[in-house]
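The values are calculated or read from the model by the stated rules, or taken from the named source; none is laboratory data. From a predicted model like this one, the values you see are computed outputs, not experimental measurements. Virtual Cβ from ideal backbone geometry, glycine too; neighbours counted across all protein chains shown. Accessible surface is based on the protein model in full, side chains and every heavy atom, while ligands, DNA and RNA are left aside. Shrake-Rupley method; radii C 1.70, N 1.55, O 1.52, S 1.80 Å.
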Amino acid sequence: MKQRLSTLMAAAVMTAAFAVQAQQPMKKAPPPAKAAAPAKAKDGITAEFEKFREVLEEDNPAELFEAKGEDIWKHKKGPDGASMAQCDLGLGAGVVKGAYVQMPRYFADVGQVMDAERRIVHCMVKYLGYKEEDIRKQPFSNDSKTPDHVSVITYVAAQSRNMKIAVPQKHPKEIETFRIGREIFDYRAGPYDFSCATCHGSDGMRIRTQDLPNLRKPAEAIRAYQGWPGYRMTGGFMLTQQWRMNDCFRQQRFPEPAYLSDSITALLTYMTATANGQVYKGPGIKR
Amino acid sequence: MTAMKTTILCAATLACGAALAEEVRDYRAEAIAMMKRDFKTRGIATADRVHEDGLQAICNRTSDHPPKAIAERLERDQMESIKYPPDGKLMGDWKAGEKLAQSGRGMTWSDKAGVPGGGNCYNCHQIGPQETSFGTIGPSLYQFGKLRGNTPDVQKYAYGKIYNAKAFNLCSAMPRFGHAGALTESQIKDLVALLLDPQSPVNSK
């Protein structure tokens, strides 16, 4: 624990450093710029971050949130005494091991395909008495609060660490959801005419220094899973896949997708089923 | 599109009744209906933004590869909608242009109404030699004026390209900044200067 604390404190210091750097325009000695093929440049923050991520991942700051989520999953009771032991994540009531890498999937009790985040919130409302409208008021973490459902998601995700992604594509609704997700991925609209594919549809693209995965390819679609939920260095809280989708739609200049909506489930189904067979390393760290 | 391809394939093979029934479903229409239900106005990002316009619809339906005749016709329409400055001056201040090129602001739900947005240019392009943090979705524009000159024709091209990139390349990844009201006339002039002014660092040796 002592060692963990010291790493976390180091993380806090780094976090502060990132925050400061982020505010200042980066002034670096220019490498010789070439008109034809721009050299692959990584700014100082990216390089520092990548060094630090390795150190941090050994110690895994997500564990604090995992522990809180585990406590809620195992011990919290709803108003009528129900608990998450009754929650079926697709592998049977209360089964958590391996469930995260097998969602989104079709759930017969609701007649719908749900992604992990949606299913977990569904269970917390159904069994633990959380109010959906409260969760919708603050669906994502910020520096003052990581909501309970985010901790539970982190716990559930950690129980699939080092397992292969196996998002089912058997039920007709699962196949349909995948196909609709693919359409949403390619759909250009809005004032900038952007789709997901504008930024994530070809190889080797970057926005500034951030690498953009080509999410149409299995080897890169894994990045819709890998490291999510992720511990945000520049803030010290956990962010989920639903947050990532929300923020990419913001950058796409779209209106805001409702939290836990069908459109997001469809997109996640498309990307994660594309990544089937690859190994999920568990909750991670994001810049 | 896919439905059509399957029909042709199926006519050739026979053993594909089920596949055909599946493909005939219009997932694109279902996806659009779903997005219309799910997306809500937030700040300046109004819900109607999920409706595709004519050009977007053509690019979406053809995976960004429209038939040549259609592309040419629509590019002409886009070209006609470009508004050039009435005074005929197309070059502004390259320093202001550099600031605009740096700024990734504009048009998101976290941007305020009435606050002028930026150009997002460095998100996609290498431009000035001093900026090493640049994206690669678009080609490098370093030395643009040096390579192309800054004759009235080149100025007109640069202004038009920034105003409406789709007039030159229908399904380009580059936004139509003037057309969308994302950049004003004087902002576009400053960006033209950034690319073409011989004093601009873009054109330094």
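Within chain B, which DSSP H helices have Cα atoms that stretch 15 Å or more along the helix axis and a mean Kyte-Doolittle hydropathy of at least -0.5? Helix filter hits for chain B: B:2-13, B:185-196.
Calculate the dipole size of chain B relative to its Cα centre from +1 charges on Lys and Arg beta carbons and -1 charges on Asp and Glu beta carbons; express the result in debye to the nearest 20. Please report the intermediate quantities before stating the final value.
Values: 26 positive and 22 negative charges, 43 e Å.
Using only the charged Cβ atoms, the result is roughly 200 debye.
Quick one: which of B:Lys83/B:Lys156; B:Lys89/B:Lys189; B:Lys68/B:Lys166; B:Lys89/B:Lys161; A:Lys76/A:Lys164 span more than 19 angstrom between C-alpha atoms? Flagged as over cut-off: A:Lys76/A:Lys164.
Heavy-atom surface analysis with a 1.4 Å probe gives the range A:64-195 a carbon and sulfur content of 49 percent of its accessible area. I need the fraction of alpha carbon pairs in the range B:70-205 separated by more than 18 Å, rounded to a whole percent. The calculated P(r) of the range B:70-205 puts 53 percent of pairs beyond 18 Å.
Would you mind working out the accessible area per residue for chain B, using a 1.4 Å probe, and quoting it in Å²?
Values: 10490 Å² over 205 residues.
With all protein chains present, chain B gives 51 Å² per residue.
Any idea what the relative contact order of the range A:158-287 is, in percent, if you count C-alpha pairs under 8 Å spaced at least 6 apart?
On the way: 214 pairs, mean separation 53.9, N = 130.
Result for the range A:158-287 is 41 percent.
Relative contact order for the range B:25-205: 26 percent, from Cα pairs under 8 Å spaced at least 6 residues apart, divided by residue count. Close amide H partners of B:Arg105, meaning residues 5 or more places away or on another chain with modelled amide H under 5 Å apart, are B:Gly118, B:Asn120.
For B:Lys68 and B:Phe168, compute 0.36 nm times the residue count separating them, minus their Cα-Cα distance, and round to one decimal in nm. The partial results should precede the final answer.
Numbers: separation 100, 0.36 × 100 = 36.00 nm, distance 1.27 nm.
Full-extension gain reported as 34.7 nm.
For the range A:95-234, a Kirkwood radius taken over Cα pairs fed into Stokes-Einstein (37 °C, viscosity 0.692 mPa s) yields D = 191 µm²/s.
Could you calculate the FRET efficiency of B:Ser103 with A:Asp80 from 1/(1 + (r/R0)^6), where r is the beta carbon distance between them and R0 is 41 Å, rounded to 0.05?
Numbers: r = 54 Å, r/R0 = 1.31.
Efficiency, from the Cβ-Cβ distance: 0.15.
Picking from B:Lys161, B:Lys189, B:Lys112, which is most flexible by a Gaussian network model of chain B using Cα springs under 10 Å? Maximum among the listed residues: B:Lys112.
Dividing the Cα radius of gyration of the range A:160-257 by its Kirkwood radius returns 0.97 for Rg/Rh. Modelled label positions at B:Arg37 and B:Gln130, each set 7 Å beyond Cα in the direction of Cβ, lie 5.3 nm from each other.
For B:Asp87 and A:Gln210, a Förster radius of 56 Å and the Cβ-Cβ distance give a FRET efficiency of 0.90, rounded to the nearest 0.05. Once both labels are positioned 7 Å from their Cα atoms along Cα-to-Cβ, the gap between A:Val110 and B:Glu185 label points is 5.3 nm.
With the simple model of a label 7 Å out from the Cα in the direction of the Cβ, A:Lys164 to B:Ile137 spans 3.5 nm.
Is any residue of the range A:192-216 close enough, with backbone N under 15 Å, to a label point placed 7 angstrom from the Cα of A:Arg287 along the Cα-Cβ axis, and if so, which? Under 15 Å, as judged by backbone N against the label point of A:Arg287, lie A:205-213 of the range A:192-216.
Summing Lys and Arg as +1 and Asp and Glu as -1 over all other residues whose Cβ lies under 13 Å from the Cβ of B:His179 gives a net charge of -2. The H on the amide N of A:Phe107, modeled in the peptide plane, is under 5 Å from the matching H of A:Gln112, A:Val113, A:Met114, each at least 5 residues off or on a different chain.
Between A and B, buried accessible area from a 1.4 angstrom probe totals roughly 4700 Å², ignoring ligands, DNA and RNA.
Subtract the Cα-Cα distance of B:Met79 and B:Leu147 from 0.36 nm times their separation in residues, and report this length gain in nm to one decimal.
Taking B:Met79 through B:Leu147 to full extension adds about 22.1 nm, to one decimal.
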